[in-house]
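**Student:** Pasting a structure below so you can have a look.
Just so you know, all these numbers are worked out from the coordinates, no wet-lab data involved. Keep in mind it's a predicted model, so treat the numbers as computed, not measured. Note that we place each Cβ from the backbone using ideal geometry, even for glycine, and neighbour counts take in every protein chain shown.
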Amino acid sequence: MQKTDVLIVGAGVVGCAIARELSKYQLRVMVVDKNEDVGGDASKSNSAIIHTGYDAAPGTLESQLVVAANPMYDRLTQDLEVPFKRVGAILPAFTQEQFETLFAWKEKAFHNRVYDVEYLTAEELLQMEPNLNPEVRGGLYIPREGIIDPFLLVVALAENAQQNGVDFLLGTKVTGMKVRQERVTRVETTHGEIEAAFVVNAAGLYNDEIAGMVGKADYYVSPRKGQFFVLDRKTACRVNHIVLPIPTKTTKGKLMCPTIHGNMLVGPTAEDLSDKLDKSTDEAGLNSVEADVRAMIPGVRIQDAITQYAGLRPQRNPEGLRVDRYDDVKNFLNLSGVRSTGLTASAALGKYAVQCLQEMGLELKCDPQFDPRRKAIPLLRDMTQEEQDQIMQREPLYRRVICRCEVITEGEIVAAIHRPIPARSMDAVKRRLRVGMGRCQGGFCGPRVIEIMARELGVPAEEIQKNEKGSYMITGRVR
Ligand SMILES: Cc1cc2nc3c(=O)[nH]c(=O)nc-3n(C[C@H](O)[C@H](O)[C@H](O)COP(=O)(O)OP(=O)(O)OC[C@H]3O[C@@H](n4cnc5c(N)ncnc54)[C@H](O)[C@@H]3O)c2cc1C
């Protein structure tokens, strides 16, 4: 039986942020995830925005966490070498009714302590965003909203946690928990039992199932789907900021923004479902994305879409982001309802969870060996000519470009496969490097990546998987 001081269920952005925070102390920490890679579910299919919390419900834990988290991203992304940019957001009003709500949104921002929100005139808005619908009447500017690489954020948090001593058990599903004398004494998984002094539930959409294992299922989590288009980098109609619609009660609405890698992101929908596995996109959803975004940016070129995807927000019922501790399960910390702003909130949630664990009795002794820095894989496309020449001399595999759209070499792919948290599937390589995320969507580079992975992992090409167990890339011979 494995033993640990803290067991975290879920290697999404929340679980990994908590793990990294705990790795600052002299503790044994373990993260288990049913998926074969870190990265979570919602954490890899969102809008990739680091919010300010201007529109949160004032006084809520969500507001507190998002507002506290936003400023942390400058330092965090520097330490972890994760691409991040504060491009700022605008909230344009097109109707008189919308225009009249701007005062209330600014006031809400104020109550959330987001003081740097400013009014903009129609002229100012059109200068900042020439592709905006010219009927715009005025709007708000939220300067600290940012865009990030969400895949790399989770990978980097996990890699840094791992370098600082955290163990990751992937492909390992938690199936049950034994509670005795008001404590979880055993966590049952598909790979045996684990004895943990403290257990943290960061299981996102499946958080209610884990809570149910300790008798705390007094709520349920349902999926709220969001569908998106990703437009080609060369699309003619672009925006410079995150262009947000005036939010509604259920959603922040359908936005258009640049991604950190220069594509345009358009979406998402907000559809309440019951099937936690339904990540499909459909015509109705995508048409609604196009129609709503076209009302703000009339020239948006949906025909330049290179892909579309859907993510599932973990909607807690009853609603609300909560961090719960219990008198009758004293070593169980439950994070639920981390729904629409969890990518941002994770930086603060990591610290919040550690504080709770300390108050629950976890002894924290600083680890003087803790290193906050994580080195990214050197990317040829980001180097100067001189640096490119040097790396190609030193590492000949950097001479062979495999993904032409994103300019990724064999050297980078091999590095990803042998990182502290190794990329063991096509999607794992893709999320770390963007191989196959360009215009051809892997049509050209896919077979070469399979060859490289098979060689590096010492397995036949037929064994290479897209993501989870059984998702083989090659299913048979044609001749
Ligand atoms: C469409 C959409 C747009 C969004 N846009 C933004 C945005 O722009 N900015 C922002 O801040 N937030 C955004 N969010 C919200 C954000 O993505 C989520 O709040 C956040 O990713 C939640 O992270 P998590 O780690 O809690 O969950 P997840 O990423 O879902 O991770 C949970 C993990 O738990 C694991 N797990 C579950 N059950 C078990 C089990 N039994 N055993 C082991 N492991 C288990 C899962 O495999 C998964 O890896 C958006 C979300 C969506 C869907």
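**Student:** As a test, work out the antiparallel percent of DSSP beta bridges whose residues both lie in the chain, rounded to the nearest 5.
**Tutor:** Numbers: 51 of 70 bridges.
Looking only at bridges with both residues in the chain, the antiparallel portion is about 75 percent.
**Student:** So what is the diffusion coefficient of region 380-463 in µm² per second by Stokes-Einstein at 20 °C and 1.002 mPa s, using a Kirkwood Rh over Cα pairs?
**Tutor:** 165 µm²/s
**Student:** Sticking with this one: Where the eigenvalues come from the Cα gyration tensor of region 293-372, what are the semi-axes √(5λ) of the equivalent ellipsoid, largest first, in whole Å?
**Tutor:** Here the semi-axes work out to 39, 19, 10 Å.
**Student:** In addition: For residue 279 and residue 472, calculate 0.36 nm times their separation in residues minus their Cα-Cα distance, and state this gained length in nm to one decimal.
**Tutor:** Length gained, residue 279 through residue 472: 67.6 nm.
**Student:** Another question, if that's okay. Would you mind checking the pairs 34/351; 173/365; 252/466; 34/466 and listing those with alpha carbons more than 21 angstrom apart?
**Tutor:** Going by Cα-Cα distance, 34/351; 173/365; 252/466 fall outside the 21 Å limit.
**Student:** Determine which lysines satisfy two conditions relative to residue 375: a Cα distance under 19 Å, and not lying fewer than 8 residues away in the same chain.
**Tutor:** Straight-line reach from residue 375, under 19 Å: 24, 85, 430.
**Student:** Hey, another quick one. For residue 451 and residue 261 in the same chain, what is the full-extension length gain: residue separation times 0.36 nm, less their Cα-Cα distance, in nm?
**Tutor:** Separation in residues times 0.36 nm, less the Cα-Cα distance, equals 65.8 nm.
**Student:** Using just the C-alpha positions of region 159-257 as equal point scatterers, what log10 of I(q)/I(0) does the Debye formula give at each q in 0.15, 0.24 1/Å?
**Tutor:** -0.84, -1.30
**Student:** Mind ordering 368-381, 79-92, 446-459 by average Cβ neighbours within 10 Å, highest first?
**Tutor:** Sorting 368-381, 79-92, 446-459 by mean packing, highest first, produces 79-92, 446-459, 368-381.
**Student:** Normalised by the empirical 2.2 N^0.38 Å for globular proteins, what value does the Cα Rg of the chain take?
**Tutor:** 0.98
**Student:** How big is the convex hull of the Cα atoms of region 99-201, per residue, in Å³?
**Tutor:** 230 Å³
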